[in-house]
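For reference, the structure is listed below as structure tokens.
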Amino acid sequence: MSSDFEAYEQEFGTLTADVTNKIGRIPKLSGEEKTQLVLNVDKQLEEVRELMEQMDLEVREIPIQSRAMYNSRLKSYKQEVEKLEKDFKRSRIAYSDEVRNELLGDDASSSESQRAHLLDNTEKLERSSRRLEAGYQIAVETEQVGQEILANLHTDREKIQRARERLRETDANLGKSSRILTSMLRR
């Protein structure tokens, strides 16, 4: 389990280093290249968030004795992701100011259609985020139900084993009684 977590940590380190590098390059670029870089960073940040969810699930499966150490590491990674997202937001604000200035230079109808397009994309993104969050919540609930079922099965197994043991004892006692009765009949 911890080897999976460590593999996720390595992937996290690689992704965050790449994202940090790209965030630093955003203000220096312009035009289509800048747009593509912003989209790429946004996609990579989403990958980082998914990776954090995987790490969170791995930590839940680690034995309780070791879990505290992994939880503290996970917490620091979450803080690092929050910092990356803030940095990206700042670079996007500067980027969106430039885009707005470019749009204001165009005619009004083109600006309105682009604005509508941006709003539509933002709505889609929010819907997707809500769906992902709902999916994550379902996965967590399913995991909890699975744990409850395993606990119930364990309890049922213990009951069946105790009943089987009592049945063996009863069978042995019946055999003993049968032998005693048989010997009494022969006398």
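The values are calculated or read from the model by the stated rules, or taken from the named source; none is laboratory data. From a predicted model like this one, the values you see are computed outputs, not experimental measurements. Here the Cβ positions follow ideal geometry from the backbone for every residue, glycine too, while neighbour counts run over all protein chains shown. Ligands, DNA and RNA are excluded from the accessible area calculation, which covers all protein heavy atoms including side chains. Shrake-Rupley method; radii C 1.70, N 1.55, O 1.52, S 1.80 Å.
Are any residues in the stretch 109-130 exposed (fewer than 11 other Cβ atoms within 10 Å of the Cβ) and basic (Lys, Arg), and if so, which ones?
Lys124, Arg127, Arg130
Quick one: which residue in Gln114, Gln144 is modelled with pLDDT of 90 or more and among the polar types (S, T, N, Q)?
After ruling out the rest, the residue left standing is Gln144.
Taking Thr14 as the residue in question, decide whether it is modelled with pLDDT of 85 or more, assigned to a helix (DSSP H, G or I) and among the β-branched types (Val, Ile, Thr).
Considered against the rule, which asks whether it is modelled with pLDDT of 85 or more, assigned to a helix (DSSP H, G or I) and among the β-branched types (Val, Ile, Thr), Thr14 comes out as yes.
Conditions first: (1) modelled with pLDDT under 80; (2) surrounded by 12 or more Cβ atoms within 10 Å (Cβ to Cβ); (3) under 22 Å from Leu45 (Cα atoms). Asp97 passes all but one, so which condition is the exception?
Against the list (1) modelled with pLDDT under 80; (2) surrounded by 12 or more Cβ atoms within 10 Å (Cβ to Cβ); (3) under 22 Å from Leu45 (Cα atoms), Asp97 comes up short only on (2).
For the stretch 3-34, what are the residues that are closer than 24 Å to Arg73 by Cβ, open to solvent by less than 70 Å² (accessible area, probe 1.4 Å) and touching a residue at least 12 places away in the same chain (Cβ under 8 Å)?
Keep residues of the stretch 3-34 that are closer than 24 Å to Arg73 by Cβ, which gives 3-21, 23.
Retained after the next criterion (residues that are open to solvent by less than 70 Å² (accessible area, probe 1.4 Å)): 5, 7-9, 12-13, 15-19, 23.
Answer for the stretch 3-34, where residues must be closer than 24 Å to Arg73 by Cβ, open to solvent by less than 70 Å² (accessible area, probe 1.4 Å) and touching a residue at least 12 places away in the same chain (Cβ under 8 Å): Phe5, Tyr8, Glu9, Phe12, Leu15, Thr16, Asp18, Val19, Ile23.
Does Ser177 qualify as being exposed (fewer than 10 other Cβ atoms within 10 Å of the Cβ), assigned to a helix (DSSP H, G or I) and small (Gly, Ala, Ser)?
Judged against the criteria, Ser177 is not a match.
For the stretch 35-55, enumerate the residues that are among the acidic types (Asp, Glu) and either farther than 20 Å from Lys75 by Cα or not in a helix (DSSP H, G or I) (or both).
Passing the criteria: only Asp42.
Under 9 Å between Cβ atoms, which residue pairs at least 6 apart in sequence (or on different chains) link something in the stretch 47-65 that is more than 24 Å from Asp18 (Cα to Cα) with a partner that is of a type in the set (Lys, Arg)?
Val59/Arg67; Val59/Arg73; Arg60/Arg67
In the stretch 19-57, what count of residues is obtained for those that are closer than 24 Å to Tyr70 by Cβ and among the acidic types (Asp, Glu)? Steps first, answer last, please.
Looking only at the stretch 19-57, we keep the residues that are closer than 24 Å to Tyr70 by Cβ, and these are 19-20, 44-57.
Retained after the next criterion (residues that are among the acidic types (Asp, Glu)): 46-47, 50, 53, 56.
Looking only at that region, the number is 5.
Hey, can you tell me all the residues within the stretch 58-80 that are open to solvent by 50 Å² or more (accessible area, probe 1.4 Å) and within 17 Å of the chain's Cα centre (by Cα)?
Once the filter is applied, which keeps residues that are open to solvent by 50 Å² or more (accessible area, probe 1.4 Å) and within 17 Å of the chain's Cα centre (by Cα), the stretch 58-80 yields Arg60, Glu61, Arg67, Asn71, Ser72, Arg73, Lys75, Ser76, Lys78, Gln79, Glu80.
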